[in-house]
Each structure stands twice: as C-alpha cells, then as structure tokens.
Amino acid sequence: MDLCEAKLEVKQLLSRVKNRDLSRLLQWVRESDDLDELLSDNRRKILQSISEDLRGSLPQSAMLPSESTALSKMQQSSKPTVHVDSFLYDEEEVDSLCDEGSLSRSYCLSCGSTRTAPLDFLSHSFSIPELHFLFESALPDLSGRVLVDVGSRLGAVLYGGYVFSSASRLVGLEISEEFVKLQENIVQKYTMTDRIQVLHSDVRLQNVLLQNADVLVLNNVFEYFLPPEEQVGAWSFIMENFRKKGSLLVTVPCLQESLNTLQMLLPPCWVEELPLDYDVYLGKDTDPDALRQIHLYRVL
C-alpha cells in the first residue's frame, strides 16, 4: 500500500467512526504508545541491546582520558558543555539520570544561588532514531555499496548500517585503540563480521579506501579531536580523495559551517547538498530538530 492508498484507507475508516468518538480517537492516535509498539521492529531492539552492552563498558560520559583534545575543546566552550552520548542514552534515560542525581541539565550562574541556566549537551554519536532516519529516509538503497564512517568511535553508524541497510561493506576508521577493541567485541558478539570491518587507522592514511567509498560519514569528527592545522589537512585529504562521481557525503554539522570554522572560505564545490525530509515520522522519539543537524551531499 502506497501513501495515497493509505490516506484513502484512513479517511474511509474515520468516516465510519461515530461523531462522539472521533475526537477521542484522534487524541489516542496522538498520545498513545500502542501505535509505537505496533510500529516497533526488531532492528531497533538489536541496537538498544548493543547500547546497553556498551554502557557497561564505558564511563557515563563515554569519554576516555586519552581524548584530551576533545575534553579541552569542551572546556573552552562559551557555556558549560557535557558529553551525553545519544546512542547510549535517549531522552528517557537522560531524565532518569537527572532524577537520580547522576546528571544535571543546568548549571549555577553564581555559586550558591538559585540562578541557573541549561547546560549544553554534546554527542559524538547518532541516536537510534537518527540512525533510522539516516539509513531509511536520507540515504538511498545501499545494496552493493561501501560505507566508510570516519571516527567510528562506538560503532553506532556501523551497527545502524548493518540492521537498517543492505550495504555490502561497512568500514569504521578509528584512531583510538580502546574504541577499536570495543567495536570489535560488539561486532563479534552480534555476528556482524560478514559486513562490518573496523580499522585502527587515521583517515589520512586511507586514500584508496576513500577513492572506492560510495558513502562517507563525518559526525563531529575533526572539530573536537584534531587541532585546527590538522583539521585543514584532514579536510584537504578528503576533498582530494573522495571524488567518485555520485558518491554521498553525510556530515554533522553542515559542511560549509565546518569549513568556515577553519577559515577555508572557498565553497565546497566538489559536492552539492541534497534536500532531506526532516519531518518524517519514525516513532514518538523522533526529534526533527536533531535530524536537521544531519546534512547529505553528492559528489559532482
């Protein structure tokens, strides 16, 4: 059943509902968890299980002591910023952490005062709804294609690509040996070795891989983990090697914003941005504002 047929079916159904019950039915559609249970699928449950496994292997911040550059960058932010990994903790879990006192959403503007302001939350991973959106709404069918995630970290993009897409090969590049081992353990446990490969490598050493990639994912990968002069080199390397016509680039934040931050003011003319439908409904936990941080480009 396509969208037009579905709309017709819904209209016909609503026309048969008694007038006194119609408003109550529409309220149920808006507020009930029953529809989300109906629409839930095993793929999300697999990702939720992986998320729970990872939580037991990481500190609550999901940051490692070796990530000194990222930690320093966060401390230099104009507002106090904490890392809350979206793949590990959804909004309900964040609320639970706040309720038990393990996490706070605000900070004091003057010590000892009741004057507070909201903390900035930062995530270096996509949430499960964002992965669902990325692979089922933003990207086309990936059958026979190669996806490379630069700075794969916990492996969220790789696991999402495994359950939500038919990509033939999902490659994670990660410079932290600790995170590489963490990903390899998950890939082994969930028997994903047939399509997922994690490389302990810097992207700047992977020119052949980039030249053969069909999709490249960059989620906050350079800004927090490389000094500015190295960020310029990393972007230049990508522009030189990710050149296959029609290949797709996924970035958070938008590409021009990243380049402007580095004062690389020339437009990224090797790609064009593609429109995305950020208002798509993928369950009650869909956050259109979070989805709007995801940008898709095509190599010209």
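The values are calculated or read from the model by the stated rules, or taken from the named source; none is laboratory data. What you see is a predicted model, and the numbers here were worked out from it, not measured in a lab. Cβ atoms come from the backbone with ideal geometry, glycine included; neighbour counts cover every protein chain shown. SASA here: full protein model, heavy atoms, side chains in, ligands and nucleic acids out. Shrake-Rupley method; radii C 1.70, N 1.55, O 1.52, S 1.80 Å.
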In the list Lys245, Lys181, Lys189, which residue meets the criterion of being touching a Leu at 6+ places or on another chain (Cβ under 8 Å) and among the charged types (D, E, K, R)?
Lys245
Among the listed residues Gly160, Gly155, Gly144, identify the single one that is closer than 23 Å to Leu216 by Cβ, modelled with pLDDT of 95 or more, out of contact with any Asp or Glu (no Cβ under 6 Å at 6 or more places or on another chain) and exposed (fewer than 13 other Cβ atoms within 10 Å of the Cβ).
Gly144
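Among the listed residues Glu230, Glu223, which satisfies the condition of being closer than 21 Å to Ser176 by Cα, out of contact with any helix residue (DSSP H, G or I) (no Cβ under 6 Å at 6 or more places or on another chain) and not in a loop (DSSP other than H, G, I, E, B)?
The unique qualifying residue is Glu230.
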I'd like the residue in the stretch 166-175 that is open to solvent by 10 Å² or more (accessible area, probe 1.4 Å) and either among the acidic types (Asp, Glu) or out of contact with any Ser or Thr (no Cβ under 8 Å at 6 or more places or on another chain) (or both) and, out of all such residues, is farthest from Phe225 (Cα to Cα).
Arg169
All positions within the stretch 203-227 that are modelled with pLDDT of 95 or more and open to solvent by less than 80 Å² (accessible area, probe 1.4 Å)
Val203, Arg204, Gln206, Asn207, Leu209, Leu210, Ala213, Asp214, Val215, Leu216, Val217, Leu218
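Is it true that Phe237 is farther than 30 Å from Lys45 by Cα and assigned to a loop (DSSP other than H, G, I, E, B)? Please lay out each step first, then the result.
Details: farther than 30 Å from Lys45 by Cα: yes; assigned to a loop (DSSP other than H, G, I, E, B): no.
Answer is no for this residue.
Mind listing just one residue for me: the one in the stretch 176-198 that is in contact with a Phe, Trp or Tyr (Cβ under 8 Å, 6 or more places away or on another chain) and not hydroxyl-bearing (Ser, Thr, Tyr) and, of those, most open to solvent (accessible area, probe 1.4 Å)? Write out each step before concluding.
Quick first cut of the stretch 176-198, residues in contact with a Phe, Trp or Tyr (Cβ under 8 Å, 6 or more places away or on another chain) only: 186, 190, 192, 195-196.
Subset that is not hydroxyl-bearing (Ser, Thr, Tyr): 186, 192, 195-196.
Details: Ile186: 11, Met192: 4, Arg195: 45, Ile196: 14 Å².
Taking the candidates together, the pick is Arg195.
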Only one of (1) over 17 Å from Val217 (Cα atoms); (2) open to solvent by less than 60 Å² (accessible area, probe 1.4 Å); (3) modelled with pLDDT of 70 or more; (4) in a helix (DSSP H, G or I) fails for Glu130. Which number is that?
(1)
Given the residues Pro253, Pro288, which is the only one that is free of Cβ contacts under 8 Å to residues at least 24 places away in the same chain and over 16 Å from Leu147 (Cβ atoms)?
Pro288
